[in-house]
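Visitor: The structure's right below; bear with me while I get my questions together.
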Amino acid sequence: MIAVVPVRDGAPDPGGPEGIAEAGGRAILIGSGVRDALGVIPGDTREVQLAETAGYRPAAWAAALAPLLENEPIVVIPASPDGRDLAPRLAVLLGRDFAAGALQVTAETITLAVVGLHAQRVLTRSGPTVVTLLPSARAWLAGPADRAAVREIALA
């Protein structure tokens, strides 16, 4: 499982840190100022890939990220405005199931908020999935992630 977190001017999207925590501390930060965003991600983050890009271009981002994510069984993206734009595009390019508005993601199940957050529905995963996780859906250990393995990646 890996989180993909859009970043604008060094600030991860709302829900980005929760997504990283939900994905077990693995993430790709994509956008502008990604290195600056390292200071506000969870302290127990273990692996971060930094993809510096100019401007928010969800279609181009999805096309560039798809080859990097094809072997990841679950991709978690914040259910922020940028994440809600990027996630379905990525799901289509990867040919995967898409689950929007999750409260919890595990290897086996996805718990979705339904009826305006008044109820929950638990889905059993049947294959590779792209999921948007609602901001503030879970707690996370405040950073900085000074022990994370960090590497920069170039997107095509």
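Visitor: Return the distance in nm (one decimal) between the two label points of a simple spin-label model at Ala119 and Phe98, each offset 7 Å from Cα along Cα→Cβ.
Guide: 2.4 nm
Visitor: Net charge near Thr129: determine it from the other residues with C-beta under 9 Å of the C-beta of Thr129, scoring Lys and Arg +1 and Asp and Glu -1. Write out the running numbers ahead of the final one.
Guide: Details: positive: Arg96, Arg125; negative: Asp97.
Charge balance near Thr129 sits at +1.
Visitor: Just to confirm the number: angle between the C-alpha axis of helix 81-94 and the first principal axis of the chain, 0 to 90 degrees, nearest 10?
Guide: For 81-94 against the chain, the angle is about 80 degrees.
Visitor: I've got another one for you. Out of the trypsin sites (Lys or Arg not before Pro) in the stretch 23-71, which ones are loop residues according to DSSP with at most 14 other C-beta atoms within 10 Å?
Guide: Values: sites: Arg26, Arg35, Arg46; in loops: Arg46.
Passing both the DSSP loop test and the Cβ count: Arg46.
Visitor: Sticking with this one: Taking all protein chains in place and a 1.4 Å probe, what share, in percent, of the accessible surface of the chain do carbon and sulfur account for? Let's see the in-between values first.
Guide: Numbers: 3850 of 7280 Å².
Roughly 53 percent, rounded to a whole number.
Visitor: Could you work out the helix-only [θ] at 222 nm for the chain, with each DSSP H run of four or more residues adding -39,500 (n - 2.57) and the total divided by the number of residues, to the nearest 500 deg cm²/dmol? Before the final figure, lay out each step's value.
Guide: Values: 4 runs with 37 residues, N = 156.
So the calculated ellipticity at 222 nm is -7000 deg cm²/dmol.
Visitor: Shifting gears a bit: Quick one: check the C-alpha center-to-center distance for the stretch 77-116 versus the stretch 9-31, whole angstrom.
Guide: 14 Å
Visitor: Round to the nearest 10 and give me the degree value, 0 to 90, for the angle of helix 58-69's Cα axis relative to the longest principal axis of the chain.
Guide: 90 degrees
Visitor: Here's a follow-up. Expected output is a single nm value to one decimal: the length gained when fully extending between Leu155 and Thr109, i.e. 0.36 nm times separation in residues minus the C-alpha distance. What is it?
Guide: Details: separation 46, 0.36 × 46 = 16.56 nm, distance 3.08 nm.
Result: 13.5 nm gained on full extension.
Visitor: Quick one: grab Rg to one decimal and Dmax as a whole number for the stretch 31-156, Cα atoms only, in Å.
Guide: 15.0, 42
Visitor: Continuing with the same structure: Over the stretch 47-133, give the accessible area per residue in Å² for a 1.4 Å probe, as an integer.
Guide: Working: 4120 Å² over 87 residues.
Averaged over the residues of the stretch 47-133, the accessible area is 47 Å².
The values are calculated or read from the model by the stated rules, or taken from the named source; none is laboratory data. Keep in mind the model is a prediction, meaning the values are calculated, not measured. All Cβ positions, even for glycine, are placed from backbone atoms using ideal geometry, and neighbour counts span all protein chains on display. All accessible areas refer to the heavy atoms of the entire protein, side chains included, with ligands and DNA or RNA removed. Shrake-Rupley method; radii C 1.70, N 1.55, O 1.52, S 1.80 Å.
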